[in-house]
Amino acid sequence: MKLDMVNMDVESTSISRFIRKRIMPESIASHYIAGNWIADAPNGFDESINPANGQSLGRFPLGSDQLASAAVLAARQAFEQTAWACDPNLRSRVLFEFADRMEANKERLARLLSSENGKLLVQATHEISAAVSEARYYGGVARNIFGRVRETGPGNMSILAREPAGVVSVIVPWNAPATLLVRSAAPALAAGCCLVIKPAPQTPLTNARVISLFDGIECLPKGVVNSVNECGIEVGSTLSTHPDIDVISFTGSSETGKKIMANAAASVKRVSLELGGKAPAIVFGEADLEKATREIVRASLTLNGQMCTSISRVLAQDEIALALEDRLNEAFKRVVLGDPLDPGVQLGPLIDRANQERVLGIINRARHESELILEGSAPGGRLSGGCYVSPTLFRIDDTDHWLVQGELFGPIVSLESFEDENEAVAKANATRFGLAASVYTPHINRAMGVARRLKFGTVWLNSHNRLFAEAETGGYRESGIGRLHGLEAMHDFLETKHIYLEADG
Ligand code: NAD
């Protein structure tokens, strides 16, 4: 991988003062501004830690308001002064080349992602493939952006042009850092926008490797893609308040999303928010329990239970509630915990020590406040150096309880029961989140009827967590605003301009 500093001509002194001619080693995630790798660390360095064993994978410099502003300036200059914003064929070429480079580096990226994040290698490999698919999809969409023309009277034209919205800040979480970066970046780039990315502090190396695949794409103008690391909120605040940012594409928790929305309000920025979730799985009496159990176990443990769409509530119809509980209990007990790079393992570690302790604290409270069926714990022995927690299953009938209302973000599943369809829908809808849900029944009319009544951005029928670059995802209520994936993702990154032409005479 070529990560040499490029000595380029940068007009702005406020960018050039940060530039250093340096190699970026594999174990350092530098900032990337105007086509340069910059290891300036005004707030020191931090380490990226492998959650499977507590060992350091590398270091990253912590940015500042000044570095973030320099990155915004670089993006603004690229937007105003290069062909990027008005050349869809160039954008398409760049996205296809980026996708090809990601595919060629898939194995290395997946191993790094698995080591830095703790997700199973098979899931990390799937994540990189999904990111490749996103980049290719939007590489095609870039050449399919059309406006409209209407004749308003003899010779008079209303022209509706679609234009790139400008400079976009892309703020990324740690749980799927490659796909979620590309899920925002690819439609924004396809639209003609320029980017300033802020990786999550838990996964800076993965994001730097993905961003490095843009470096060296010869036809990509410098400054179209920029990135600044941090560990606190200084860079994130600049990226949500800076007057030269037009759109904020944020993926993360609902709590942070609300702060970003408040920051954005001061200068009326457009926000695209992909936020937290609390996905219910509704299992009707006539469902195939074997298949439902398989889907629930798989989709509650994906990314070690740390996926926004993970199944965290199971709603079972009264007559099968006990049978389903037994099946889930047996399946969760058999789950193999261990090193995420080991192909025989089914559950890896949580992202860090703080989250391991947080999840163990939830389990401890669940022991007193619910009917615990299977109690998760941190294994000892050879796994004690990692942030592991085994699966937890508990029964609860109080929909208002914090265990049902809160996003627990770990391998923890609650079991509730319902009598009929109306109660199932009412209980499923009873949280502030509305990201994703699934319904299990062979009766297609019931499945479709329930899907229409659920207040969730995605409803899967007899499956869970099937995501496609072509199919929009996003949240109702406190799970977000706007949609990513699919054609609707373009709405966040395009402006519509009305040009009226009055005929002569
Ligand atoms: P988080 O909200 O703590 O952080 C997300 C990003 O925001 C990180 O890069 C973080 O450094 C940054 N950030 C934190 N405070 C900020 C501030 N005040 N201003 C600007 N940026 C700030 O979330 P997380 O712990 O990284 O990720 C887990 C959360 O993300 C869960 O709630 C999960 O449901 C959600 N998520 C949602 C989706 C979705 O598609 N809806 C996908 C993945 C994760």
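Per-structure values
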| read-out | value |
| --- | --- |
| Sorted by Cβ neighbour density within 10 Å, fewest at the top, the residues His485, His126, His464 | His126, His485, His464 |
| Positive-end extreme of charge dipole, the stretch 279-468 - chosen from Gly338, Asn429, Phe456 (charges on Cβ) | Gly338 |
| About the Cα centre, charge dipole magnitude for the chain (Lys/Arg +1, Asp/Glu -1 at Cβ), debye | 720 debye |
| Of Lys198/Lys269; Lys106/Lys198; Lys291/Lys427; Lys455/Lys497; Lys106/Lys222, those spanning more than 28 Å from alpha-carbon to alpha-carbon | Lys455/Lys497 |
| Footprinting exposure proxy for Tyr500, Tyr440 (fewest neighbouring C-beta atoms within 10 Å first) | Tyr500, Tyr440 |
| Helical mean residue ellipticity (222 nm; -39500 (n - 2.57) per DSSP H run of 4+; nearest 500) of the chain | -11500 deg cm²/dmol |
| Equivalent ellipsoid, the stretch 279-468 (semi-axes from 5 times Cα gyration tensor eigenvalues, Å) | 27, 17, 15 |
| Neighbour net charge for Leu408 - beta-carbon separation under 12 angstrom, K R +1, D E -1 | +3 |
| Rounded to 10°, Cα long-axis angle of helix 289-301 versus longest principal axis of the chain | 50 degrees |
| Computed lengthening from Asp244 to Tyr476, 0.36 nm per intervening residue step minus Cα-Cα distance | 80.6 nm |
| The stretch 385-490: trypsin sites (Lys or Arg not before Pro) in DSSP coil with no more than 14 other Cβ atoms inside 10 Å | Arg432, Arg466 |
| Dipole of the stretch 158-262 [Lys/Arg +1, Asp/Glu -1 at C-beta], most positive-end residue of Thr238, Ala200, Ser212 | Ala200 |
| The chain: radius of gyration over Cα atoms, expressed as a fraction of 2.2 N^0.38 Å | 1.01 |
| Label-point separation, Ser253 to Val122 (7 Å along Cα→Cβ), nm | 3.1 nm |
| For the stretch 73-81, 3J(HN,Hα) per residue [Karplus equation, 6.51 cos²θ - 1.76 cosθ + 1.60, θ = phi - 60°, Hz, x = Gly/Pro] | 5, 4, 5, 4, 5, 5, 5, 7, 10 |
| Space enclosed by the convex hull of the alpha-carbon atoms of the stretch 440-486, per residue, Å³ | 80 Å³ |
| Calculated from backbone phi, Karplus (6.51, -1.76, 1.60) coupling profile of the stretch 337-349 in Hz, x at Gly/Pro | 8, x, 4, x, 7, 7, x, x, 8, 10, 9, x, x |
| Loop-resident sites, the stretch 217-306, for GluC sites (Glu not before Pro), counting at most 10 other Cβ within 10 Å (DSSP) | Glu218 |
| Global geometry of the stretch 267-365, whether rounded, prolate or oblate, following the gyration tensor of its Cα atoms and the 1.5 cut on a/c | oblate |
| Angle in degrees between helix 88-104 and the longest Cα principal axis of the chain, rounded to the nearest 10 | 50 degrees |
| Nearest 10 degrees, 0 to 90: helix 254-265 Cα axis against the chain principal axis | 30 degrees |
| Whole-number percent relative contact order across the stretch 196-294, with pairs defined as alpha carbons under 8 Å at least 6 apart | 23 percent |
| Förster-model FRET efficiency, 60 Å R0, Leu322 and Ala503, C-beta, rounded to 0.05 | 0.20 |
| Where GluC sites (Glu not before Pro) fall in DSSP loop in the stretch 386-448, at most 16 other Cβ within 10 Å | Glu419 |
| Extension gain, Glu107 back to Arg143 (0.36 nm per residue minus Cα-Cα distance, nm) | 10.0 nm |
| Neighbour-count order for Asp87, Asp398, fewest beta carbons within 10 angstrom listed first | Asp398, Asp87 |
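FYI, it's all coordinate maths here, none of it is from the lab. Being a predicted model, the structure only gives us computed values, none of them experimental. Here the Cβ is made from the backbone with ideal geometry for all residues, glycine too, and neighbour counts use every protein chain on show.
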